[in-house]
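Colleague: Input: one structure, supplied below.
The values are calculated or read from the model by the stated rules, or taken from the named source; none is laboratory data. Keep in mind that this is a model prediction, so the values were computed, not measured. Note: ideal-geometry Cβ built from the backbone for every residue, glycine included; neighbour counts use all protein chains shown. Heads up: the accessible areas ignore ligands, DNA and RNA and are worked out on the full protein's heavy atoms, side chains in. Shrake-Rupley method; radii C 1.70, N 1.55, O 1.52, S 1.80 Å.
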Amino acid sequence: ITDLLLHFLANETLACEIQARGTVWLDMGTPESLLEAAEFVKTIEKRQGFKIGCPEEVAFSLGLIDAASLSDIGGQIGENGYGRYLRQLAEEIGLR
């Protein structure tokens, strides 16, 4: 990643933004740090009740798909935690 940042810097295209509160940067360059990141994600998902890195949820929040599509995608994924999460999310949205 350092080489990539140096490339952007050399081409004067490097930009910096202050991240919103709650944003986390996780280094996953070693097996140990990868495991730590996985444990962190697992803990956050379990305690907060939402999935991290859920493109279908992002697509819904941006108005690219509706609740029915979200539910359909969850059904296509199947009877696993991720599919159930999408269907439950669609159901909760329908109740609002």
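Colleague: Quickly run through the stretch 42-52 and pick out the residues that are part of a loop (DSSP other than H, G, I, E, B) and open to solvent by 70 Å² or more (accessible area, probe 1.4 Å). Before the answer, list the steps.
Modeller: The first filter runs over the stretch 42-52 and keeps only residues part of a loop (DSSP other than H, G, I, E, B), leaving 49-52.
Hits for the stretch 42-52 are F50, I52.
Colleague: Among the residues of the stretch 7-35, which ones are on the phi > 0 side of the Ramachandran plot and open to solvent by less than 100 Å² (accessible area, probe 1.4 Å)?
Modeller: First pass over the stretch 7-35, keeping only residues on the phi > 0 side of the Ramachandran plot: 12, 22.
Within the stretch 7-35, just G22 meets the criteria.
Colleague: If you go through the stretch 71-87, how many residues are in a helix (DSSP H, G or I), open to solvent by 60 Å² or more (accessible area, probe 1.4 Å) and farther than 15 Å from E45 by Cα?
Modeller: 3
Colleague: Check whether at least one residue in the stretch 25-35 is in a helix (DSSP H, G or I), over 16 Å from the mean Cα position of the chain (by Cα), hydroxyl-bearing (S, T, Y) and more than 21 Å from L86 (Cα to Cα), and report yes or no.
Modeller: Yes, that holds for at least one residue.
Colleague: Can E39 be described as within 30 Å of Q88 (Cβ to Cβ) and assigned to a helix (DSSP H, G or I)?
Modeller: Numbers: within 30 Å of Q88 (Cβ to Cβ): yes; assigned to a helix (DSSP H, G or I): yes.
Yes, satisfied.
Colleague: Output the residues belonging to the stretch 54-70 that are of a type outside the set (A, V, I, L, M, F, W, C) and open to solvent by less than 70 Å² (accessible area, probe 1.4 Å). Reasoning before the result, please.
Modeller: To start, the set of residues in the stretch 54-70 that are of a type outside the set (A, V, I, L, M, F, W, C) comprises 55-57, 61, 63, 66, 69.
The answer is E56, E57, G63, S69.
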